């Protein structure tokens with residue numbers, strides 16, 4: 001896992017050397033405790049994803065619970081629990097750690113969300129297709 005600071009925001013995930021990817025925001029655009037959805041085109045599929053700022057670090061995941069193929073945002077771009085300590089799947093109450101994506105409570109306990117690699121390039125945050133791609 002690679003992490004580095006870009007305009008006071010740490011970007012986490014692997015840092016692919018490829019020149020492709022999708023620009024999703026600029027460092028500093030997403031305040032701590034907030035999230036934003038985006039779509040990646042991967043192997044001919046559109047994959048809905050989201051990025052969260054958790055304690056000044058950006059983390060991105062596929063917007064899919066690991067228990068049932070349901071999206072995690074119960075209200076548009078609302079992924080955090082009320083105290084902003086966990087990511088919540090409203091369908092079955094699964095709780096995921098925002099910095100690792102690991103489920104710590106609920107039906108898929110022990111599994112992790114599919115991480116979306118991020119990198120900073122030319123003053124922008126770029127997302128890359130996850131590997132492996134989730135199955136639907």
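Observations on the model:
- Checklist (1) surrounded by fewer than 18 Cβ atoms within 10 Å (Cβ to Cβ); (2) in contact with a strand residue (DSSP E or B) (Cβ under 7 Å, 6 or more places away or on another chain); (3) modelled with pLDDT of 95 or more applied to residue 29, failing item: (2)
- Residues in region 32-63 that are in a loop (DSSP other than H, G, I, E, B) and out of contact with any strand residue (DSSP E or B) (no Cβ under 8 Å at 6 or more places or on another chain) were compared, and the one that is surrounded by the most Cβ atoms within 10 Å (Cβ to Cβ) is 55.
- Residue count, region 48-71 (criterion: farther than 16 Å from residue 130 by Cα and without any contact (Cβ under 8 Å) to a residue 24 or more places away in the chain): 2
- Condition check for residue 95: more than 24 Å from residue 129 (Cβ to Cβ), buried (at least 21 other Cβ atoms within 10 Å of the Cβ), in contact with a strand residue (DSSP E or B) (Cβ under 9 Å, 6 or more places away or on another chain) and in contact (Cβ under 8 Å) with a residue 12 or more places away in the chain: no
- Neighbours by Cβ (under 8 Å, 6+ apart or cross-chain): first from region 16-28, at positive phi; second assigned to a loop (DSSP other than H, G, I, E, B) and modelled with pLDDT of 95 or more: 21/128
- Where residue 118 falls short, out of the listed (1) over 23 Å from residue 42 (Cβ atoms); (2) under 13 Å from the mean Cα position of the chain (by Cα): (1)
The values are calculated or read from the model by the stated rules, or taken from the named source; none is laboratory data. Here the structure is a predicted model, which is why all the values come from computation and not from measurement. Ideal geometry is used to build each Cβ from the backbone, glycine not excepted, and the neighbour counts take in all protein chains shown.
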